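To keep things clear, I will list the structure first and then write my remarks on it.
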Amino acid sequence: MDEGPNIRPAQDGFRWEGVELLAYKEEGSAPFKAITRQVLFQRPELGCELRYFEMQPGGHSTLERHEHVHAVMIFRGRGTCLVGGEVREAGAPDLVFIPPMTWHQFRASAGEPFGFLCMVNAARDKPQLPSADELRQLKEDPAIAAFLDT
Ligand code: MN
């Protein structure tokens with residue numbers, strides 16, 4: 001992989017020179033809505049990657065869990081995060097940590113894009129999606145049910 005230049009100027013619209021705007025995930029691989037991905041740093045010396053995800057108003061990431069963790073800094077706008085049993089509004093530059101095997105999802109508020117930086121291990125396990133049973137259990141919490149039905 002061409003690791004590219006050491007210095008990449010930012011461009012308008014939360015883009016960076018030479019950084020490709022990618023689909024969040026492969027279409028149909030998992031539920032998500034109106035979200036894009038940019039890989040900002042992906043170098044073998046790091047052992048981790050830094051990505052920038054951005055949702056349009058009303059967009060959301062996948063509800064998932066996995067063994068690897070995420071270190072997230074909200075970078076643009078405001079939205080709502082689910083981390084385990086907790087549903088909280090968050091905005092730039094709040095920090096969000098996703099522990100191992102913890103259900104998590106990000107949802108943009110209406111009216112503005114919602115973007116976050118996400119640091120993750122380069123070598124990582126595949127995300128798991130909730131079964132119908134696990135989804136039912138999550139929704140027993142009214143705050144989580146309201147969040148998921150937004
Ligand atoms: Mn995840």
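The values are calculated or read from the model by the stated rules, or taken from the named source; none is laboratory data. Keep in mind the model is a prediction, meaning the values are calculated, not measured. Positions of Cβ are generated from backbone atoms using ideal geometry, with glycine treated the same way; all protein chains shown enter the neighbour counts. These accessible areas exclude ligands, DNA and RNA; they are computed on the full protein's heavy atoms, side chains included. Shrake-Rupley method; radii C 1.70, N 1.55, O 1.52, S 1.80 Å.
Quick notes
- Here residue 76 passes the criteria (1) under 16 Å from the mean Cα position of the chain (by Cα); (2) closer than 24 Å to residue 138 by Cα except the one numbered (2).
- Consider segment 106-150 and keep the residues that are free of Cβ contacts under 8 Å to residues at least 60 places away in the same chain and assigned to a strand (DSSP E or B). The one that is farthest from the chain's Cα centre (by Cα) is 107.
- Tally of residues being open to solvent by less than 30 Å² (accessible area, probe 1.4 Å), in a loop (DSSP other than H, G, I, E, B) and touching a residue at least 24 places away in the same chain (Cβ under 8 Å) across segment 83-102: 1
- When residues in segment 122-150 are screened for being of a type in the set (S, T, N, Q) and either within 11 Å of the ligand (Cβ to nearest atom) or open to solvent by less than 60 Å² (accessible area, probe 1.4 Å) (or both), 2 of them pass.
- Consider segment 64-82 and keep the residues that are open to solvent by less than 20 Å² (accessible area, probe 1.4 Å) and among the aliphatic types (A, V, I, L, M). The one that is nearest to the ligand (Cβ to nearest atom) is 72.
- Complete set of residues in segment 52-63 that are in a strand (DSSP E or B), out of contact with any Cys (no Cβ under 9 Å at 6 or more places or on another chain) and crowded, with 20+ Cβ neighbours inside 10 Å: 54, 55, 59, 60
- Any chance residue 19 is surrounded by 15 or more Cβ atoms within 10 Å (Cβ to Cβ), part of a loop (DSSP other than H, G, I, E, B) and away from the ligand (no atom under 15 Å from the Cβ): yes
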